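Colleague: Could you have a look at this structure, given as structure tokens, before my questions?
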Amino acid sequence: MIDTHAHLNFKEFDLDREKVIKRFFDAGGEKMINVGCDLASSEGSIELAKKHKNIFASIGIHPHDAEKLNEEALKKLEELIAQKKVVAVGEIGLDFFRDLSPREIQTEAFKAQLELAEKHKKPIIIHCREAYVDLLEILKSYKTSGWRGVTHCFLGSWLIAEELIKMGFNIGFTGAITYVKKPKIVKAPLLQDIDLAESLITDEVEPEIYKVIKNTPLDRIFIETDCPYLAPVPHRGERNEPAFVSHVAKKIAELKGVSVEKLEKATSENAKELFGI
């Protein structure tokens, strides 16, 4: 199995980073992509990748830090992308949930890094939260026909996922799919003379993300941890780590009605093909 989105150079792993890495490989992990979020973490990802044969790096400026993508930072990314073990640009994108950078600046930073990836023929790792419509508009505004990449921690609708797949993107799922809440539908009473409190009928319906998982072809699915965040059940509330990606694979396999072995094999092949690892 391949964890295609980890942040092992974050401070949460300072005390036991090498032990965490060993646990992943001892548990059947094959390879890992360590993802940059700013210049410092991008450089850290490269250094970590240099130390481990089966760890690879991506470089980029997260939308939270979009205001930091000035001319000097872009020049530095140009230098970093030439490093041997850099396999992608990311994570880049839009975050209209936290809005830690102005939206127009997020958009410009995203576009600049899309162009960087295209120039160097690298796939992209996209972060998108509550901005999928804007994301699609930006991607479709380019005339290129060769987009390659993965939408990280996807929690959007099937309509959005379908559009991204048509454009050539893959869909990445994290531990968030293991604890998503089921929405409920409240049915109104059919007879007016029945007491309202007694006549309400509540049905559980399937979460939209389950529909996305079931409909997404096996050859477009990626499994991720986003560690140290989003630990899956049964580790929710703990620090996440790459070895826990097996729980993401298990949940997806269950929803798609395939064996865990088949799911892990398919997602590993997907990652190898996209990132060239």
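Colleague: Hey, can you tell me all the residues within region 1-28 that are open to solvent by less than 10 Å² (accessible area, probe 1.4 Å) and under 22 Å from residue 275 (Cα atoms)?
Modeller: 2, 3, 4, 5, 6, 7, 8, 21, 24 - these are the residues of region 1-28 that are open to solvent by less than 10 Å² (accessible area, probe 1.4 Å) and under 22 Å from residue 275 (Cα atoms).
Colleague: Give region 107-149 a look and list any residue that's assigned to a strand (DSSP E or B) and among the basic types (Lys, Arg), or say none.
Modeller: 129
Colleague: So if I check each of 107, 151, which one is touching a helix residue (DSSP H, G or I) at 6+ places or on another chain (Cβ under 7 Å) and open to solvent by 10 Å² or more (accessible area, probe 1.4 Å)?
Modeller: On inspection, the qualifying residue turns out to be 107.
Colleague: Could you check how many residues of region 121-148 are in contact with a strand residue (DSSP E or B) (Cβ under 8 Å, 6 or more places away or on another chain), under 26 Å from residue 82 (Cβ atoms), open to solvent by 20 Å² or more (accessible area, probe 1.4 Å) and in contact (Cβ under 8 Å) with a residue 24 or more places away in the chain?
Modeller: 3
Colleague: Quick check: is even one residue across region 76-96 surrounded by fewer than 21 Cβ atoms within 10 Å (Cβ to Cβ), modelled with pLDDT of 95 or more, touching a Leu at 6+ places or on another chain (Cβ under 8 Å) and of a type in the set (Asp, Glu)?
Modeller: Scanning region 76-96, I find at least one residue that is surrounded by fewer than 21 Cβ atoms within 10 Å (Cβ to Cβ), modelled with pLDDT of 95 or more, touching a Leu at 6+ places or on another chain (Cβ under 8 Å) and of a type in the set (Asp, Glu), so the answer is yes.
Colleague: Here's a follow-up. Which of the residues that make up region 210-259 are part of a loop (DSSP other than H, G, I, E, B) and acidic (Asp, Glu)?
Modeller: Hits for region 210-259 are 224, 226, 238, 241.
Colleague: Somewhere in region 63-76, is a residue among the small types (Gly, Ala, Ser), under 22 Å from the mean Cα position of the chain (by Cα) and part of a loop (DSSP other than H, G, I, E, B)?
Modeller: no
Colleague: Can you pull out the residues in region 24-74 that are touching a residue at least 60 places away in the same chain (Cβ under 8 Å) and of a type in the set (Gly, Ala, Ser)?
Modeller: Once the filter is applied, which keeps residues that are touching a residue at least 60 places away in the same chain (Cβ under 8 Å) and of a type in the set (Gly, Ala, Ser), region 24-74 yields 27, 28, 29, 58, 60.
The values are calculated or read from the model by the stated rules, or taken from the named source; none is laboratory data. Being a predicted model, the structure only gives us computed values, none of them experimental. All Cβ positions, even for glycine, are placed from backbone atoms using ideal geometry, and neighbour counts span all protein chains on display. These accessible areas exclude ligands, DNA and RNA; they are computed on the full protein's heavy atoms, side chains included. Shrake-Rupley method; radii C 1.70, N 1.55, O 1.52, S 1.80 Å.
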